[in-house]
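Values quoted throughout were computed directly from the atomic coordinates according to the rules given, and no laboratory measurement underlies them. As the structure is a computational prediction, the values presented were derived from the model and not from experiment. We place every Cβ from the backbone using ideal geometry, glycine too, and count neighbours over all the protein chains shown.
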Amino acid sequence: MTDDSFKKIVSSKDLTPDEDLPKITKIETQKRKGRYNIYLDEDYAFPIDEAILVKYALYKGMVISDDFREELESEDGFRKAYTRSLNYLNYGLRSEKEVRDDLAKHEFSDVADEVIEKLEEQGYLDDLMYAESYTRTGANVGGKGPRVIKQELKRRGIAEENIEKASEQYPFDQMVENGIQLAEKVIRRSSQHSTRETNNKLRQNLMQKGFDSDIITQVLEEVTVEKEEDEEYVAIKAQGDKIWRKQAKLKGYKKIQKVKSSLFQKGFTGELINQFIEEKELEDQNE
């Protein structure tokens, strides 16, 4: 508010005895730092921020017109919303949508546009910068695939144009490297699975993590999925013994066919399955 507008509000014309405008009779400090309660004619009227108190030089005995009070309360509402957003941004970068959602959650939707505009002017809010930072973090720390990162940015309200620009922060070579690291973890956890099942799990995991087919193809060329013969047999023993015990109630041909079918679905070759079945039959005969 300018000095001229303030003078207009409390001008001698406004202060005629007939109008009897209210006066500040008390300025009370709140428990919350930087906040004050304003009393008009001995009655509590409204709360206010210290910055606004200083800006308008409010004092005991000052006359407050309806228009001036409305301006004070409006500016205080904006300041509370702005301070809320600054605190929210202190925890890390946020997208415009995230800030708007937070303002709405705390019932500041009416001043959201003004708050967003000020934050952008001050450089506290920048969706492209947010998207680039989010992409780098997802690639460097989370090891996420590019498709997942793009989907997450979209959910956070980032425009398609900014998502595409931010994707430049995740080069192809790094995608392949992250895919290889994920693939190696899957392979280490697949000692009891057949080569074919391991390969399927590998593809599935890479797709779920957001890697596209061209990346998956490159990753599969870089890692060793094929098991040695003895490793494959260790895997069929681990899987087959469980299935054999599970089908204990079945006998003869029915049991063998059930076990064969289950092992085939798990990706083991017919030759290896027959070898396993023969050994299990011999074990049963020797018991």
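Scanning the chain for chymotrypsin sites (Phe, Trp or Tyr not before Pro) in DSSP loops with at most 13 neighbouring Cβ atoms within 10 Å leaves 92-287 as the longest stretch between them. Label separation (Leu89 vs Leu128): 1.7 nm, computed from points 7 Å beyond Cα along the C-beta direction. Taken over the alpha carbons of segment 143-287 as equal point scatterers, the Debye sum produces base-10 log I(q)/I(0) values at 0.08, 0.11 Å⁻¹ of -0.35, -0.56. The HN-Hα couplings worked out from phi for segment 150-166 by the Karplus form 6.51 cos²θ - 1.76 cosθ + 1.60 (θ = phi - 60°) are 5, 5, 5, 5, 4, 5, 8, x, 6, 5, 4, 4, 6, 5, 5, 5, 5 Hz, whole numbers, x standing for Gly and Pro.
The phi-based Karplus calculation (6.51 cos²θ - 1.76 cosθ + 1.60; θ = phi - 60°) puts the 3J(HN,Hα) values of segment 193-201 at 10, 5, 4, 5, 5, 4, 4, 5, 5 Hz, whole numbers, x for Gly and Pro. The phi torsions of segment 272-278, fed into the Karplus equation with coefficients 6.51, -1.76 and 1.60 and a -60° offset, translate into couplings of 5, 5, 4, 4, 5, 4, 4 Hz, rounded to whole numbers, with Gly and Pro shown as x. The coefficient of translational diffusion for the chain, derived via Stokes-Einstein from the alpha carbon Kirkwood radius under 4 °C and 1.567 mPa s, stands at 51 µm²/s. Note on Gln181 and Lys154: the extension gain reaches 7.1 nm, defined as 0.36 nm multiplied by sequence separation minus the Cα-Cα distance.
If contacts are Cα pairs under 8 angstrom and at least 6 residues apart, what is the relative contact order of the chain in percent?
Working: 305 pairs, mean separation 30.8, N = 287.
Over the chain, the number comes to 11 percent.
Distance between the 7 Å Cα→Cβ label points at Ser261 and Lys118: 7.1 nm. Largest first, the three principal axis extents of the alpha carbons in segment 171-227 are 34, 18, 15 Å in whole numbers.
Go ahead and estimate [θ] at 222 nm for the chain from helices alone: -39,500 (n - 2.57) per DSSP H run with n ≥ 4, summed, over the residue count, rounded to 500. Each step should come with its number before you reach the end.
Numbers: 14 runs with 175 residues, N = 287.
Result for the chain: -19000 deg cm²/dmol, rounded to the nearest 500.
Just subtract the alpha-carbon distance of Ala57 and Glu279 from 0.36 nm times their residue separation and send over the number in nm, one decimal.
Values: separation 222, 0.36 × 222 = 79.92 nm, distance 9.45 nm.
Gain on stretching Ala57 to Glu279: 70.5 nm.
When only alpha carbons are used to place a centre, segment 78-138 and segment 210-284 end up 54 Å from one another. With Cα atoms as the point set, segment 126-170 shows a radius of gyration and Dmax of 8.9, 24 Å.
What is the gain in length, in nm to one decimal, between Asp101 and Asn140 on full extension, counting 0.36 nm per residue of separation less the C-alpha to C-alpha distance? Walk me through the intermediate numbers first.
Values: separation 39, 0.36 × 39 = 14.04 nm, distance 2.77 nm.
Net length gain for the segment: 11.3 nm.
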